[in-house]
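First comes the structure, then the notes that go with it.
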Amino acid sequence: MSTPSNPDTAGEPTPRTRREAREQAARLGQGAADDVDDAPAALPDEDETGELVAVHPDDEPWEGFSDWSGAEEHGIRGQHTSYEAMKRHHKRRAGRSCLLLILVMVLVIGGLGYAASKLGHISLPGLSQGAPDYSGTGSGTVQITVQEGDTGADIAQTLLKAGVVKSTTAFVQVANVSRDFSTIQPGRYTLHRKMSARAALDLMLDPKSFSSTGVTIPEGLWASQIFSVLSQRTGVPVADYKKVTAASLGLPKAANGHLEGYLFPSTYNFTSRMTATQQLTAMVAEWRKKIEPLHIPAAKLHDVMVIASLVEAESKLPDDGPKVARVITNRVAKNMPLQLDSTIHYAEGKRGKITTTDAERAKKGPYNTYLNQGLPPTPIDNPGMHSITSALHPAPGSWLYFVTVDPETGKTLFATTFDQQHKNEQVFHTWCKQHQGKC
């Protein structure tokens, strides 16, 4: 039984390709176009060159689809006109891929920028290759200080100034790629001169090279000298220490508003973030902590601290401290002027001198113990615990005189009479002749 033919297509040849089918549909109208899909699925198609290309259901699926079922969902199988849809599909995928790539790059660059900020906004690794650098672990010993808040660039500059590394760039490069660099703490580090940047960083990461930011104040310094030491170690200006008011430090009434004598010599962990007031308050608090167990009567505290400062200035050997204290108390008891050169040195602001001149001894002033009887008005330095206990417990004896006959060793001779003192002074003068320029 035959199928009735369409009168509109009678006489038309059967199309051999999909292009011919479309052209025929155009000639015959929409009705014929609707029949195009009835063309054999295996009809050949044409590529861009005009040659016939067979499209068969068993062919491999087009790129972007795992099987022909996916192709059918997008209207691709057997339809040459779906190529434009496929192009749009791939453009959308390419756009999403580019956006994803840009986001990844932003995150990576942002992460590197954050890491650089932790090192003080220093250059990223690999951007400055071949930076000047030493080789090896260096030689000698040098100490550097990492201050609170120092960035990687600050540390690199400190190392360069100390002669540890050859360039800041070399250190920055190794610091940038180090996972442990952020563990470096404020404090002092013992390193070597002319180290490679890598060796310098490795040694800084070694706990053996690290010590806390300790500020050591030795016995016998003047307050003005203590200000300089603190400023050098913490970076706080000397002027800030001078501006501190005594009332804010917790000084005892015996101090009468004077700071001298009450800054206890010790090692303190001060940082640049601590103000001058905070540092000096800590030193006064340490003095109180050391003094309280001694149970010094308030009425005696002033004299004890003044005598302790004189003992600190006039004696070098531990055994001599209590003896010097006894000479001072004996002379005060007899209303004899103390005649101590150390008090004049304090008034003149001269350190390192042993003797005084006639003009200095004749100069009037509250600290001239050649002209004035009794103790000076305030301590003349900041004494340590040994001098304080010496002042509190002088050695028993009737000495009225003493002279240090060997300033280098601290050897001191004591006398009960002026004649004996005169003989002892000749020993001192002999030493001075043998050591020109030291007296």
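The values are calculated or read from the model by the stated rules, or taken from the named source; none is laboratory data. Values in this document were obtained by computation on a predicted structure and should not be read as measured data. Neighbour counts are summed over all protein chains in view; Cβ atoms, including those assigned to glycine, are modelled from backbone coordinates with ideal geometry.
Can you pull out the residues in segment 298-355 that are over 20 Å from Ile226 (Cβ atoms), of a type in the set (Val, Ile, Thr) and not in a loop (DSSP other than H, G, I, E, B)? Correct list: Val304, Ile307, Val324, Val327, Ile328, Thr329, Val332, Ile344. Scanning segment 146-174 for residues that are outside any helix (DSSP H, G or I) and surrounded by 19 or more Cβ atoms within 10 Å (Cβ to Cβ) gives Val146, Val164, Val165, Lys166.
Restricting Thr158, Thr216, Thr169, Thr145 to those that are among the hydroxyl-bearing types (Ser, Thr, Tyr), closer than 30 Å to Met305 by Cβ and touching a residue at least 12 places away in the same chain (Cβ under 8 Å) reduces the list to Thr216. Residues in segment 272-288 that are surrounded by fewer than 16 Cβ atoms within 10 Å (Cβ to Cβ) and over 24 Å from the mean Cα position of the chain (by Cα): Ala285, Arg288.
Keeping to segment 175-196, report how many residues are in contact (Cβ under 8 Å) with a residue 60 or more places away in the chain and either out of contact with any Ser or Thr (no Cβ under 8 Å at 6 or more places or on another chain) or surrounded by fewer than 18 Cβ atoms within 10 Å (Cβ to Cβ) (or both). Break it down into steps so the answer makes sense when it comes.
Taking segment 175-196 as the starting set, the residues that turn out to be in contact (Cβ under 8 Å) with a residue 60 or more places away in the chain are 176, 181-182, 186, 194-196.
Next, from what is left, pick out any that are either out of contact with any Ser or Thr (no Cβ under 8 Å at 6 or more places or on another chain) or surrounded by fewer than 18 Cβ atoms within 10 Å (Cβ to Cβ) (or both): 181-182, 186.
Summing the residues that are in contact (Cβ under 8 Å) with a residue 60 or more places away in the chain and either out of contact with any Ser or Thr (no Cβ under 8 Å at 6 or more places or on another chain) or surrounded by fewer than 18 Cβ atoms within 10 Å (Cβ to Cβ) (or both) in segment 175-196 gives 3.
Quick check, is Gln420 in the same structural domain as His302 (by TED's automatic domain parsing), polar (S, T, N, Q) and in a helix (DSSP H, G or I)? Step through it out loud before you land on a result.
On the way: in the same structural domain as His302 (by TED's automatic domain parsing): yes; polar (S, T, N, Q): yes; in a helix (DSSP H, G or I): yes.
Judged against the criteria, Gln420 is a match.
Residue-level check: of (1) over 26 Å from Gln143 (Cβ atoms); (2) exposed (fewer than 13 other Cβ atoms within 10 Å of the Cβ); (3) at pLDDT below 90, Ala246 misses just (2).
When the residues of segment 151-183 are filtered to those that are under 18 Å from Thr234 (Cα atoms) and of a type in the set (Val, Ile, Thr), which remaining residue is modelled with the lowest pLDDT? Applying the filter and picking the extreme gives Thr151. Is there a residue being of a type in the set (Lys, Arg), assigned to a helix (DSSP H, G or I) and out of contact with any helix residue (DSSP H, G or I) (no Cβ under 8 Å at 6 or more places or on another chain) anywhere in segment 221-243? Yes, segment 221-243 contains a residue that is of a type in the set (Lys, Arg), assigned to a helix (DSSP H, G or I) and out of contact with any helix residue (DSSP H, G or I) (no Cβ under 8 Å at 6 or more places or on another chain).
Leu310 fulfils the conditions (1) outside the structural domain of Thr378 (by TED's automatic domain parsing); (2) under 16 Å from Glu219 (Cα atoms) except for a single criterion, (1).
Close contacts from segment 274-298, counting a first residue that is touching a residue at least 40 places away in the same chain (Cβ under 8 Å) and not assigned by TED's automatic domain parsing to the domain that holds His393 and a second that is part of a loop (DSSP other than H, G, I, E, B) and surrounded by 15 or more Cβ atoms within 10 Å (Cβ to Cβ), with Cβ to Cβ under 7 Å and a gap of 6+ residues or different chains, come to Ala276/Val236; Ala276/Val244; Gln279/Phe270; Met283/Leu263; Met283/Phe264; Lys290/Phe264.
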